[in-house]
Amino acid sequence: MALGDKIKTLFATPNVSSAAGIKTFTAPNVQQAAATAAKPLDLAVAVDRNLLVAVARRAPAAAGSELLDSNTARERAASGPRALAFIRDIAVTQHKNTLYRVFIDCDYLSQGTPISDPHYIGTFGIFGDHQGHGGKPAPKPSIVLDLTSALKRVYGSATELPGRIRIQILPVPNTNLDGFEFMFVAFAQ
């Protein structure tokens, strides 16, 4: 509930930068940028090092019999500092046969980089025809990504943390199986 409340606060606050307990950092406008299989989209965002340290080195949720209650376990997992990335107004082509894998600060990213890589955040796909109704263009989709686990894996034991992070979006083909579109979306835990 704590994470849900924070996200509700984020969307309900007209000026997010003034919301209590929420810090925002924005990447430069990349409207003309495009991700390809050979060249992932690379979004660099300047961040506060102290906040990055707080997220990357946050204590893990305790273990024990008190966490057998799933509500308590979820609350503890969601408590503490978290890093969320909101990617808005995504323009896509070939959305029916493309998935988008997302990584953070992966200097060797390629089509061969597995989702078991510590830099992996998750995968998303775009559903629907996005043609709009009544002659009006459809709104472009937006997504939210939880970067917390990836930041912990990549920077949890690092001696020096950067003052920026890079979100990398890599399109990968999605194949049809016997006329049915099959999509498996994996999210980092």
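The numbers here are math on the coordinates, done by the rules we state, and not lab data. Because the structure is predicted, anything quoted here is derived from the model rather than measured. Positions of Cβ are generated from backbone atoms using ideal geometry, with glycine treated the same way; all protein chains shown enter the neighbour counts.
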Label-point separation in nm, LYS140 to TYR108, each point 7 Å along Cα→Cβ: 3.3 nm
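Summing Lys, Arg as +1 and Asp, Glu as -1, what charge do residues with Cβ under 14 Å from the Cβ of ALA44 carry, ALA44 excluded?
Net charge around ALA44: -1.
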Taking the convex hull of Cα positions in region 83-125, its mean projected area over all directions (nm²): 3.9 nm²
